[in-house]
Amino acid sequence: MREPTIAGSAIAIPELPDNALAARVDAVLERFVGGGSIVGAVTLIARNGSLVYCRAIGQADRENGRPMTVDTPMRLASVTKPFVTVAALALVERGTLDLDAPIDRWLPAFRPRLADGSDAAITVRHLLTHTSGLGYGFFQGPGGAYHAAGVSDGIDQAGIDLDENLRRLASVSLMFQPGSAWLYSLATDVLGRVLEQATGQRLSEVIRQTVTDPLGLRQSTFIAESVDDLAVPYADTPGGPVRMSDPHALPFGDGAIRFAPSRAADRTAYPSGGAGMVGTASEALTLLETLRAGGGAVLSTESVAALTTNHVGDMAHQGIGAGWGFGLGVAVLVDPVAAITPQAIGTWRWGGVYGHNWFVDPVARLTVVTMTNTAVSGMNGPIREAVRDAVYGTT
């Protein structure tokens, strides 16, 4: 196994591993993967800058008997968002972007209006905090406005380019006045196009220059060389996970999440800043640990502090849960008692709809990444809290 890195330096594996921690986390992974609700998983835990737990379990391809490994690449879904967020903040530091500038400076044609037809100014900060008034199609039923307009959520095979998707998105009324409420959304896809316009480069090149090259990350990209190298994605059903078709509609709330697993290797697909990358758990850990340790080669400590500070008051409680706020691209814990969690105030977290979840507890100097190939149980199913509680020893 190639060791994960932090800003170009290897995370050391301690001479004396935490056997009690390993036993607790092993038991959780064996319960969920062995019990069949998760097909394959990789969990990595870093504490005080050292890798204290590392395990791959289950299958990357159940039908063909290919085991999951620590280095198995996966479709990142919203684990893409931290890469794009860091790139945006790096450009803010360089003076290329302004957090409080209206995005029509870079996207003059992207001017969605409010429901009453009035103009609304969306800023870069609104995009990063998900207070822009945009939404996601998978939150809407079949008759929803995004479906009627043909808006892509960035993980389906839309057959259009990003500019066309943004044109369709702008044709739909905003859900609310920007800055007045919180709603998880396609804002990071819009942000990706802002980065392209601000730099004159493809989003993939912006990410390479500002994030992946400085950290020595070679597998975190927008296009997989081959889908055969990736973990096969599976979808929840009442009878257990099934191999995803292509396309695949997974019931979710009042609607469905529309997946197209082949998109990950399709060079004609536009780069979705919110969901389009592929990569490994170890490289995700590297990025998160770099931020936890102060920003390293990619961001200043001031930018990391801004990223991980709650900017939305209690507006995100309904969408994320009691006790949680939202920073620049990540959920931020403001009240552990209300959230019913052993994590410390200031913990930040998120996940990915293909089956991933992660969190960083800066007080405990702890970063935990669990990536699975099972949607959506690996993201927000009981394995998320079970791993968390095993890490803290509260089970």
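The values are calculated or read from the model by the stated rules, or taken from the named source; none is laboratory data. For clarity, every value in this text was computed on a predicted model and none was experimentally measured. We place every Cβ from the backbone using ideal geometry, glycine too, and count neighbours over all the protein chains shown.
Here the stretch 262-282 is the region considered, the condition is being in contact with a Pro (Cβ under 8 Å, 6 or more places away or on another chain) and of a type in the set (Gly, Ala, Ser), and the residue that is farthest from residue 354 (Cα to Cα) is 282. When each of 57, 45 is tested for being part of a strand (DSSP E or B) and closer than 26 Å to residue 307 by Cα, the lone residue that passes is 45. Could you check the stretch 250-268 and list, in sequence order, the residues that are part of a strand (DSSP E or B) and surrounded by 15 or more Cβ atoms within 10 Å (Cβ to Cβ)? Those that are part of a strand (DSSP E or B) and surrounded by 15 or more Cβ atoms within 10 Å (Cβ to Cβ): 250, 252, 255, 256, 257, 258, 259. Residues in the stretch 381-395 that are more than 18 Å from the chain's Cα centre (by Cα), surrounded by fewer than 23 Cβ atoms within 10 Å (Cβ to Cβ) and assigned to a helix (DSSP H, G or I): 4 in all. If you go through the stretch 115-169 and keep only what is surrounded by fewer than 20 Cβ atoms within 10 Å (Cβ to Cβ), polar (S, T, N, Q) and touching a Gly at 6+ places or on another chain (Cβ under 7 Å), you end up with just 140. Among residues of the stretch 141-159 that are over 9 Å from residue 255 (Cβ atoms) and in contact (Cβ under 8 Å) with a residue 12 or more places away in the chain, those with a Cβ under 6 angstrom from a residue that is surrounded by fewer than 23 Cβ atoms within 10 Å (Cβ to Cβ) and β-branched (Val, Ile, Thr), sequence gap 6+ or separate chain, pair up as 145/172; 149/172. Any residue that is part of a helix (DSSP H, G or I) and either surrounded by fewer than 24 Cβ atoms within 10 Å (Cβ to Cβ) or without any contact (Cβ under 8 Å) to a residue 24 or more places away in the chain (or both) - is there at least one of those in the stretch 269-281? There is no residue in the stretch 269-281 that is part of a helix (DSSP H, G or I) and either surrounded by fewer than 24 Cβ atoms within 10 Å (Cβ to Cβ) or without any contact (Cβ under 8 Å) to a residue 24 or more places away in the chain (or both).
Suppose the filter is surrounded by fewer than 20 Cβ atoms within 10 Å (Cβ to Cβ) and assigned to a loop (DSSP other than H, G, I, E, B); does residue 239 pass it?
Details: surrounded by fewer than 20 Cβ atoms within 10 Å (Cβ to Cβ): yes; assigned to a loop (DSSP other than H, G, I, E, B): yes.
Judged against the criteria, residue 239 is a match.
Kindly establish whether residue 302 is surrounded by fewer than 16 Cβ atoms within 10 Å (Cβ to Cβ), outside any loop (DSSP other than H, G, I, E, B) and either among the basic types (Lys, Arg) or at pLDDT 95 or above (or both). Spell out how you get there, then give the answer.
Details: surrounded by fewer than 16 Cβ atoms within 10 Å (Cβ to Cβ): yes; outside any loop (DSSP other than H, G, I, E, B): yes; either among the basic types (Lys, Arg) or at pLDDT 95 or above (or both): yes.
Spelling it out, residue 302 is indeed surrounded by fewer than 16 Cβ atoms within 10 Å (Cβ to Cβ), outside any loop (DSSP other than H, G, I, E, B) and either among the basic types (Lys, Arg) or at pLDDT 95 or above (or both).
Is there a residue being of a type in the set (Ser, Thr, Tyr), free of Cβ contacts under 8 Å to residues at least 24 places away in the same chain and surrounded by fewer than 22 Cβ atoms within 10 Å (Cβ to Cβ) anywhere in the stretch 373-380? Show your work before the answer.
Applying the first criterion (of a type in the set (Ser, Thr, Tyr)) to the stretch 373-380 yields 374, 377.
Right, trim to free of Cβ contacts under 8 Å to residues at least 24 places away in the same chain and you get none.
The answer is no; no qualifying residue exists.
Every test in (1) under 18 Å from the mean Cα position of the chain (by Cα); (2) surrounded by fewer than 19 Cβ atoms within 10 Å (Cβ to Cβ); (3) free of Cβ contacts under 8 Å to residues at least 24 places away in the same chain; (4) not in a loop (DSSP other than H, G, I, E, B) is passed by residue 325 save one, and that test is (2).
Scanning the stretch 93-104 for residues that are of a type in the set (A, V, I, L, M, F, W, C) and either farther than 28 Å from residue 119 by Cβ or within 21 Å of the chain's Cα centre (by Cα) (or both) yields a single hit, 99. Against the list (1) surrounded by fewer than 24 Cβ atoms within 10 Å (Cβ to Cβ); (2) outside any loop (DSSP other than H, G, I, E, B), the condition residue 315 fails is (2). The set of residues in the stretch 25-38 being touching a residue at least 40 places away in the same chain (Cβ under 8 Å) and either assigned to a helix (DSSP H, G or I) or touching an Asp or Glu at 6+ places or on another chain (Cβ under 9 Å) (or both) consists of 25, 27, 28, 29, 31, 32, 37.
Being out of contact with any Cys (no Cβ under 7 Å at 6 or more places or on another chain), part of a loop (DSSP other than H, G, I, E, B) and on the phi > 0 side of the Ramachandran plot is the requirement here; does residue 295 meet it?
On the way: out of contact with any Cys (no Cβ under 7 Å at 6 or more places or on another chain): yes; part of a loop (DSSP other than H, G, I, E, B): yes; on the phi > 0 side of the Ramachandran plot: yes.
Spelling it out, residue 295 is indeed out of contact with any Cys (no Cβ under 7 Å at 6 or more places or on another chain), part of a loop (DSSP other than H, G, I, E, B) and on the phi > 0 side of the Ramachandran plot.
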